[in-house]
1. Assuming Ser572 fulfils every condition listed in (1) surrounded by fewer than 17 Cβ atoms within 10 Å (Cβ to Cβ); (2) at pLDDT below 90 apart from one, which condition is it?
2. Only residues that are in a strand (DSSP E or B) and in contact with a Leu (Cβ under 6 Å, 6 or more places away or on another chain): list them for the range 607-644, please.
3. State which residue is nearest to Ala577 (Cα to Cα) when the search covers only the range 673-695 and only residues that are among the hydroxyl-bearing types (Ser, Thr, Tyr) and open to solvent by less than 30 Å² (accessible area, probe 1.4 Å).
4. Being open to solvent by less than 20 Å² (accessible area, probe 1.4 Å), in contact with a Gly (Cβ under 6 Å, 6 or more places away or on another chain) and more than 18 Å from Val419 (Cβ to Cβ), is that true of even one residue in the range 373-381?
5. Provide a single number: the residues in the range 292-332 that are charged (D, E, K, R) and modelled with pLDDT under 90.
6. Does the range 390-409 contain any residue that is in contact with a Phe, Trp or Tyr (Cβ under 7 Å, 6 or more places away or on another chain) and among the hydrophobic types (A, V, I, L, M, F, W, C)?
7. Among (1) farther than 25 Å from Thr421 by Cα; (2) crowded, with 17+ Cβ neighbours inside 10 Å, there is one condition Glu525 misses while meeting the rest; what is its number?
8. Within the range 26-36, identify whether any single residue is part of a loop (DSSP other than H, G, I, E, B), under 23 Å from Arg103 (Cα atoms), modelled with pLDDT of 85 or more and open to solvent by 70 Å² or more (accessible area, probe 1.4 Å), and answer yes or no.
Amino acid sequence: MDIESLARGANRTLPSEARRLRVVLSWRDDGDADVDGSALLLSEARRVRSDADFVFYNQPTSPDGSVNHTGRSRSETSVEERLSIDLDEVAADVAVIAVAASREAGTFGDLTDLRLRVLDAANTVLAVCDVEDASTETALVFTEIYRRGEDWKIRCVGQGWDTGLSGLAQDFGVTVEEDPDAALTVVPDDETPLDGTSVEETPVEDLVEVVDAEDESSAEDPSVETAGDTPASGAASTTVVTTVTVSASTDDPTTTAVHADVADVADPTVTPSVPGASARSGVRTRKVAPPQAKPPALRLAGADTWQAARLFSVYGVGSAGEQEKRATSALLATMMAVRGFARGVVSHFGAPGGAVEAYLEVPFELAEARVYPDGVLRVARAGKTWTGLVEVKTGDGQLRRDQVENYLDVARAQGFDAVITISNDIPPAAGEHPVDVDKRKLRKVSLHHLSWAEVLHEAQMALTHRGVADPLQAWILHELIRYLQHPRSGASGFDDMGAAWVTVREAVSAGTLRVGDRKVPAVAEAWIRLVRQLRLQLTAELGVTVTHVLPRKVAADPVARVAATTTRLVTSGELEATVRIPGAAGPVSVVADLRTSQIRSSVRVPAPQEGTAHRRVNWLLKQLKDAPDDVLVDVSFSGRSGSTCERLGDVRNAPGTLIPERDVAVAAFTLSRTNPMGTKRSGVKNAFIPSVTDGLETFYSSVVQPLRAWVPPAPKFSDEPEDQVDEQAPDDAPDTLPA
């Protein structure tokens, strides 16, 4: 239910039962817009008690664990920065929690649809604060959550700074490190994993364009490990896993646990503390670039036929149940071993930023029965424990409503936080779940879904783009990717257009398809799933967040999106999508034309706004020197209708063929290329899905990737006469500039 936005200065009392809050800062993504959320725990004097009360990407948890920076996520209409607040854990001498945000590049005036929402554990919106008049600010306090007697209230603030995150922090009493190369100083919290060992951790954090939560753990918000030497006494450390084993539980032979032997290594982002002395020199607000690492290369094979040994074997997989258990164990063991990857996965579920422990097939009592979820994830941070039950399906396995609801009942009875399902099902929109459950069961427990395609995407992003510093951890993550990409793992992407595909395709060819055909929406929804997978693949391969460009009226409404796709399919016989790739010369469109059985990929590039028409054409040809000859070049002109179109190979031989007459101004070029459309609903050979994927990726790599948008030259000083300059100079100005 929509709730009215609070005006600046207005306040509202939070419900007494709303103790665990999610704060979501969102804005419309314009390709490269980057916003970082933060929070400050303030005393009655409106100052932090210590630098540790500043919660942000370099210091993601408050000392008492009450406030957590949970990173970046994506919704269907916006990019989001998220924080979690547990009001029951807030220290008594904290009177105000100020929720803020900052930008390293650009101002808040550059953004649109800037909004902050406060939600409870059941995702009910409690308050909304819109910011519509931002201008030159680079830091903003959006709202304050503050005490009034026994109640907590929220007030919309909207106060800004043009001095960025460091200026905001200093105004509230935070000591900011002046030396940008100095080590980040934080107060490490005492994190105690569930097995009783002590591990101190200070991790380094991390048209409407539609993006997803899985991209949230993308390159903008890395969670990385930093390897180093053995730590000095008192130094905070990360954890490098040296041994991973799976063993039977001694208490229950039906229960297995994933164990990891760990060794602490120094974290260079933390200044070692010396007993009796203070090493604090301030908090560093500058973002830290993640380290880059690759798994070890194998160079000593005697022949190309030698197969590298696998950490997770794909051989001997028998039943579907065995396949499911093997995939679950491989995933959970890797999450134990590679903390940055685990943090990226559990951030989708709002888990705190601590070490992840994973267990297999833990039994729970439910009424008269005993149930066994495939896994249990637990995260301990600052004396608090987050728990999620995991249910996994592989291959053609489908999630069942009764099974998911049983685990929701168990989680509620045990006081757990979430139920997580993993399968090959890719929902059409982020945040949707493939199973429709009783909403009453979600009042105290959240329900989340990840497809195996999203898991693979997260692993590829962590390894290739965010970086895993430790070589052993990089190899373990590499092996998980290698395993998930093998057909025997049962972890596949979207690879089937569904039972209605052939019937609808044939009806389009025959001209008999009508809006009322009940099978058309199923094909439209399958196309939307395919586009979502395309964006995941491109994001993982390119290391940038690829977005889906949609009209606003359908971007936020999945039903309207299916209806619009259905209408286009019936009226034109086409399935269409446009994606924006940051850094590309323009948005890239892909159209599947079922009438002609062709896949058409295209991009529109604005022409330079200077020079003759021939010079503008030559500007394009120089950039396309290696592009295929069959690319079509369509030229539009300023001030006149119509366009000209020729094959790139012909234009290379005679550039003038694109210019119909002298003195025309070229406005833009549209480049396109077609490839045959596969007709089969699934599979690899002659199948529809790989023909779309391969066509778009080939077009991007051969045509779009080499293009650079035209940039106007810098403005030049005018050549003014010397006597004119002298007349405008002040009376006391020197005759010549100082040396």
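1. Going through the list (1) surrounded by fewer than 17 Cβ atoms within 10 Å (Cβ to Cβ); (2) at pLDDT below 90, Ser572 breaks only (2).
2. Pass one, the range 607-644, residues in a strand (DSSP E or B): 632-637, 643-644.
Listed by number, the residues that qualify are Val633, Val635, Thr644.
3. Of all residues in the range 673-695, those among the hydroxyl-bearing types (Ser, Thr, Tyr) come to 674, 679, 682, 691, 693.
From what is left, the residues that are open to solvent by less than 30 Å² (accessible area, probe 1.4 Å) are 691, 693.
On the way: Ser691: 15, Thr693: 12 Å.
This residue is Thr693.
4. Among the residues of the range 373-381, at least one is open to solvent by less than 20 Å² (accessible area, probe 1.4 Å), in contact with a Gly (Cβ under 6 Å, 6 or more places away or on another chain) and more than 18 Å from Val419 (Cβ to Cβ), which makes the answer yes.
5. Quick first cut of the range 292-332, residues charged (D, E, K, R) only: 294, 299, 304, 310, 322, 324-326.
With the extra rule that they be modelled with pLDDT under 90, the set shrinks to 294, 299, 304, 310.
Matching residues across the range 292-332 total 4.
6. No, that holds for no residue.
7. Going through (1) farther than 25 Å from Thr421 by Cα; (2) crowded, with 17+ Cβ neighbours inside 10 Å one by one, Glu525 breaks only (1).
8. No, because not a single residue in the range 26-36 is part of a loop (DSSP other than H, G, I, E, B), under 23 Å from Arg103 (Cα atoms), modelled with pLDDT of 85 or more and open to solvent by 70 Å² or more (accessible area, probe 1.4 Å).
The values are calculated or read from the model by the stated rules, or taken from the named source; none is laboratory data. All figures in this text were calculated on a predicted structure; none of them were measured in a lab. Neighbour counts run over all protein chains shown; Cβ positions are idealised from the backbone, glycine included. Calculation scope for accessible area: heavy atoms of the full protein, side chains included, ligands and nucleic acids excluded. Shrake-Rupley method; radii C 1.70, N 1.55, O 1.52, S 1.80 Å.
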